[in-house]
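To start, the structure under review is shown below, and the notes come after it.
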Amino acid sequence: MTGFADGLEAAVSGGAAVGDGAAVYRSGAWGPVHSFSGLFDTFVSVSCVSTSFCMAITGGGLASRFDGTSWSTPVMFDDNSNSESVDCLSTTYCLSTDVFGYISRFDGSSWSVPTRVDRYADGPKIPTFAISCVSTSFCVGGGGSSEWLTFDGSGWTVRGFLAPLPVIYV
């Protein structure tokens, strides 16, 4: 869930009890969960930058935008699937991670082809379960192998290990 001082929050849900979809909280109440007809996937992460822009992703590599009124039809952005986290700085800058060590970027109109973030070009993949950005030149990602990575605007660097357990949230 992500929120703002002006009262908008967004959340994603998945599971048989509540259905699968996305909802916004405004003026002291949650709106209806917007479900997507025929979608057999679970929303796993959402990020909002304003009351008129949120991005939600599913575990299957689909993304949906909220424009302040409604959610867009989900579009495929990560064919690798198993997406985990999304973080947006603006309507033209969102990054998403997946468990296979790929990161995709949204530029305001489309998603980039997922880029593999590796410790070594021919080495093991670093699963990235979480991502958080404070600017387009500084992001932190956490992986299932307890490694943490930083982004400097042009590339990712493995910085070390945080704990003996996977990094799930940053």
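Observations on the structure shown:
- Test for Ser37: is it part of a loop (DSSP other than H, G, I, E, B) and either more than 21 Å from Trp156 (Cα to Cα) or modelled with pLDDT of 90 or more (or both): yes
- Scanning segment 86-102 for residues that are within 12 Å of the chain's Cα centre (by Cα) and within 17 Å of Phe66 (Cβ to Cβ) turns up Val86, Asp87, Cys88, Leu89, Tyr93, Cys94, Ser96.
- Lone unmet requirement of (1) aliphatic (A, V, I, L, M); (2) modelled with pLDDT under 85; (3) open to solvent by less than 60 Å² (accessible area, probe 1.4 Å); (4) within 14 Å of the chain's Cα centre (by Cα) for Ala29: (4)
- Where strands (runs of 3 or more DSSP E) fall entirely within segment 52-170, those with at least 1 residues that are open to solvent by 50 Å² or more (accessible area, probe 1.4 Å) and at pLDDT below 80 are at 147-151, 156-161.
The values are calculated or read from the model by the stated rules, or taken from the named source; none is laboratory data. Bear in mind the structure is a predicted one, so any value in this text is a computation, not a measurement. Reconstructed Cβ throughout: ideal geometry from the backbone, glycine too, with neighbour counts over all protein chains shown. Protein only, heavy atoms only, side chains kept; ligands, DNA and RNA dropped before computing areas. Shrake-Rupley method; radii C 1.70, N 1.55, O 1.52, S 1.80 Å.
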